[in-house]
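For reference, the structure is listed below as structure tokens.
The values are calculated or read from the model by the stated rules, or taken from the named source; none is laboratory data. Everything numeric here is computed off the predicted structure, so don't read it as measured data. Counting neighbours? That spans all protein chains shown, and the Cβs are built from the backbone with ideal geometry, glycine included. Surface accessibility is based on the protein's heavy atoms, side chains included, excluding ligands, DNA and RNA. Shrake-Rupley method; radii C 1.70, N 1.55, O 1.52, S 1.80 Å.
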Amino acid sequence: MSNKAFLLGDRAVYIAFIVIVLGLPLLVDDVFWLNRVARYLVFGMLGIAMALSWGYAGILNLGQGLFFGVGAYMVAMSLKLQSWTSMQQGSDTPVPDFMLWNAQPGAPTDLCCIVPGSWLWIPFQAQWFGIFMAIALPVVLALIIGATIFRLRVSGVYVAIITLALVLLTRLIFIDAQPITNGFNGLTDLGWLTVGGIEFDPLMVGTYYIVAVSVCIVLLLTRWLVSTRAGLILQSTRDDANRARYLGYDVASYQIFFFTVSAAIAGFAGLLFVIVSEFATPTYFDIAFSISMVVWAAVGGRSSLIGAAIGAILINTIEATVSESEMFQQAWRLIIGVLFVLIVLYMPRGLAGLARDLLARLVALGRGKQADSAKASRNPAE
Amino acid sequence: MKAALTIDALEVNFGGFKAVDGMTSVIDDGELRVILGPNGAGKTTLMDLVSGKTASTGGKVHLFGRDITNWPEHEIARAGIGRKFQIPSIFRELSVLQNLEVAVSQEPRVFRNLRLGIPTADRKRIDEVIDLTGLEPVLETVAGDLSHGQMQWLELGMLITQQSRVILLDEPTAGMTQGETSKTADIIMRLKGSHTIIVVEHDMAFVRKIAEKVTVMHMGKLLAEGPIKSIEADPAVREAYLGTGGLH
């Protein structure tokens, strides 16, 4: 069966991806470049989350930035409180610099009450709390959103519209709560992640490895998840929710579970992105960013986890390269838009589909040759 | 004989219009029952009510003595009712084998299904159904690429792997060629006895081939019930079909 060839090909791509991602620092010692790759790997993780919800569950989430952004802000709050430069006030109870600028004259310089709501920051003084919340809060939000949407049997384009509206709502809330989120400017001048006394400078090879190992683990875990029986049942709900229901499956619970897993991955990606980029801004909640994730998954192949990851990394690499020339920088959005339309129309399975078709053709070609040589050996006279 | 499905004065009111109006019928365990009736008699609505797709506004449905009236669809399915739709309803992007693998699992919960592979007992049941439906040559084919007849057999096969004790079939031969229809009849005949089967069908040649006891519905009510021969001779049935050319 050619199925075996696909399985082998698939496995080869996974192994190649992991070897390259983990081996890259051995070949490159430019830390700035590695830092850039780390960011693209984070986007690759977002591609995986998108393929899981869009490709496998049939849930087109146009608000994935919500979970990414919330994850990013949670860890950024903790890192802000670790930042030597933004906490330097000579006070016993220092507060982030922007809170001072936003405070009423005479307000006590203490996290408890310098600005309304600043007490929310108190538990984030423990770095682990921020890291925990970066995944826990997206999970809780996804459970609430998912339970509401899927129990009501909302599907298709309506899910897209609702999630789109929710990410915009979140953007508004984060900008509006300027005294505790620094509004449009976001959280900048962050400290470094510190684990066991080691400070993870974003320009360190170790920081690259945190991201690289995380991406590989997430990739393999989601891969396992979709190959389980639950993953198969999830795909069946995508094809025909009613049939799955009449086979005895509570479709909503499968959708909620995988929607939440996808959100958790996005939150984790937000966490990692803050560690390598040292800022969190409301631009994470922009529509353009969430839609970009859809484009990455579409280009790479939404029904392939690794395809979507590679799509994300590829597009971002190209974008970074062309944006160095001014003309292309302007045209880039147009190019990516046209590319998206063309791929959806003519290549719905993306690069992964293309790779599979090529493999199928190679297998067929190999068989043809075998058949030819078999023929030749049977009729040596000819 | 033990009753498999008891439909007791079942009724649904769509804003004044009663599509099913006090329908009563008892289907025995292992029986093959055909439901006939002119267009709009309420046959498909009756199936919707029994399988949970539509909520009834009156009456009861009992499955092996258990009241399943207006349960959610997936719970009715777990209780033992399998339904085949008029338009083939299968998982088009999954392979035939994967379709059967989805149907075979007796474990509905998400977390319990976070495991790889199919248990041996389930694998055996899948093999039996593959034998019964003759889908062996297309196991790796994506279900969306099957012929119309194969899709119908796959859906039927899924209900059998699901281990439904009562199977509802809504026009199983619609759009089939003669050869396909006869194969479908064979599959249904082989299920008789081990499963309780309720068939809604228009194709009288097919009905005569498989039917024992027939229920005729008209205007949402029970019109006649009995062996096919006496039903065909029943003047009330002829009256109901008048203008549509009678039973043919």
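Just to be sure, is A:Leu143 under 30 Å from B:Leu94 (Cα atoms) and either within 20 Å of the chain's Cα centre (by Cα) or in contact (Cβ under 8 Å) with a residue 12 or more places away in the chain (or both)?
So A:Leu143 passes the test.
List every residue pair whose Cβ atoms lie under 6 Å apart, where the two residues are 6 or more positions apart in sequence or sit on different chains, the first residue falls within the range B:103-121 and is touching a residue at least 12 places away in the same chain (Cβ under 8 Å) and more than 8 Å from chain A (Cβ to nearest Cβ), and the second residue, located anywhere, is surrounded by 11 or more Cβ atoms within 10 Å (Cβ to Cβ) and hydrophobic (A, V, I, L, M, F, W, C).
B:Val104/B:Ile126
Mind listing just one residue for me: the one in the range B:61-77 that is open to solvent by less than 40 Å² (accessible area, probe 1.4 Å) and facing chain A (nearest Cβ under 9 Å) and, of those, farthest from A:Gln235 (Cα to Cα)?
Residue satisfying both the conditions and the ranking: B:Ile76.
Name every residue in the range A:316-359 that is touching a residue at least 40 places away in the same chain (Cβ under 8 Å) and of a type in the set (Val, Ile, Thr), in order of residue number.
Residues satisfying the conditions are A:Thr317, A:Ile336, A:Ile343, A:Val344.
Of A:Phe289, A:Phe259, A:Phe279, which residue is crowded, with 22+ Cβ neighbours inside 10 Å and hydrophobic (A, V, I, L, M, F, W, C)?
Being crowded, with 22+ Cβ neighbours inside 10 Å and hydrophobic (A, V, I, L, M, F, W, C) holds for just one of A:Phe289, A:Phe259, A:Phe279, which is A:Phe259.
May I ask you to verify whether A:Tyr284 is in contact with a strand residue (DSSP E or B) (Cβ under 9 Å, 6 or more places away or on another chain) and buried (at least 22 other Cβ atoms within 10 Å of the Cβ)?
Numbers: in contact with a strand residue (DSSP E or B) (Cβ under 9 Å, 6 or more places away or on another chain): no; buried (at least 22 other Cβ atoms within 10 Å of the Cβ): yes.
Answer is no for this residue.
Which pairs do you get when a residue that is within 27 Å of A:Asn102 (Cβ to Cβ), found in the range A:184-202, comes within reach of a residue that is surrounded by fewer than 14 Cβ atoms within 10 Å (Cβ to Cβ), reach meaning Cβ atoms under 7 angstrom, with the pair 6+ apart or on two chains?
Filtered contacts from the range A:184-202: A:Asp189/A:Thr85; A:Gly191/A:Trp84; A:Trp192/A:Glu199.
Within the range B:78-101, work out how many residues are open to solvent by 10 Å² or more (accessible area, probe 1.4 Å), at the interface with chain A (Cβ under 7 Å from one of its Cβ atoms), outside any loop (DSSP other than H, G, I, E, B) and not acidic (Asp, Glu).
2
Of the conditions (1) crowded, with 22+ Cβ neighbours inside 10 Å; (2) aliphatic (A, V, I, L, M); (3) more than 8 Å from chain A (Cβ to nearest Cβ), B:Ala55 satisfies every one except a single condition; which number is it?
Among (1) crowded, with 22+ Cβ neighbours inside 10 Å; (2) aliphatic (A, V, I, L, M); (3) more than 8 Å from chain A (Cβ to nearest Cβ), B:Ala55 violates only (1).
Taking the range A:203-235, which residues are free of Cβ contacts under 8 Å to residues at least 12 places away in the same chain and surrounded by 19 or more Cβ atoms within 10 Å (Cβ to Cβ)?
Result: A:Arg229, A:Leu232.
Among the residues in the range B:76-84, are any closer than 18 Å to A:Arg153 by Cβ and without any contact (Cβ under 8 Å) to a residue 24 or more places away in the chain?
Looking for residues that are closer than 18 Å to A:Arg153 by Cβ and without any contact (Cβ under 8 Å) to a residue 24 or more places away in the chain, one finds none in the range B:76-84, hence no.
Being closer than 16 Å to A:Met74 by Cα and either within 22 Å of the chain's Cα centre (by Cα) or buried (at least 17 other Cβ atoms within 10 Å of the Cβ) (or both) is the filter here; which residues of the range A:180-200 pass it?
A:Ile180, A:Thr181, A:Asn182, A:Gly186, A:Leu187, A:Thr188, A:Leu190, A:Gly191, A:Trp192, A:Leu193
Listed here are the residues, each with its yes/no results for (1) open to solvent by 90 Å² or more (accessible area, probe 1.4 Å); (2) touching a helix residue (DSSP H, G or I) at 6+ places or on another chain (Cβ under 8 Å); (3) farther than 22 Å from A:Arg36 by Cβ.
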{"site": "A:Thr317", "(1), (2), (3)": "no, yes, no"}
{"site": "A:Leu334", "(1), (2), (3)": "yes, no, yes"}
{"site": "A:Phe340", "(1), (2), (3)": "no, yes, yes"}
{"site": "A:Ile343", "(1), (2), (3)": "no, yes, yes"}
{"site": "A:Tyr346", "(1), (2), (3)": "yes, no, yes"}
{"site": "A:Arg349", "(1), (2), (3)": "yes, yes, yes"}
{"site": "A:Asp357", "(1), (2), (3)": "no, no, yes"}
{"site": "A:Arg361", "(1), (2), (3)": "yes, no, yes"}
{"site": "A:Leu365", "(1), (2), (3)": "yes, no, yes"}
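Do we have any residue at all in the range B:144-151 that's under 25 Å from A:Asp240 (Cα atoms) and part of a loop (DSSP other than H, G, I, E, B)?
yes
Do we find that B:Glu140 is more than 10 Å from chain A (Cβ to nearest Cβ), open to solvent by 20 Å² or more (accessible area, probe 1.4 Å) and closer than 25 Å to B:Met176 by Cβ in this structure?
Taking the combined requirement at face value, the residue does not satisfy it.
How many of the residues in the range B:189-210 are at pLDDT below 90, within 23 Å of B:Ala4 (Cα to Cα) and open to solvent by less than 20 Å² (accessible area, probe 1.4 Å)?
Total satisfying the criteria: 4.
Name the pairs: first residue in the range B:57-75 and more than 18 Å from A:Tyr246 (Cα to Cα), second residue open to solvent by less than 50 Å² (accessible area, probe 1.4 Å) and assigned to a strand (DSSP E or B), Cβ to Cβ under 6 Å, at least 6 apart or on different chains?
Partner pairs satisfying both residue conditions: B:Thr57/B:Glu11; B:Thr57/B:Val12; B:Gly58/B:Glu11; B:Gly59/B:Ala9; B:Gly59/B:Leu10; B:Gly59/B:Glu11.
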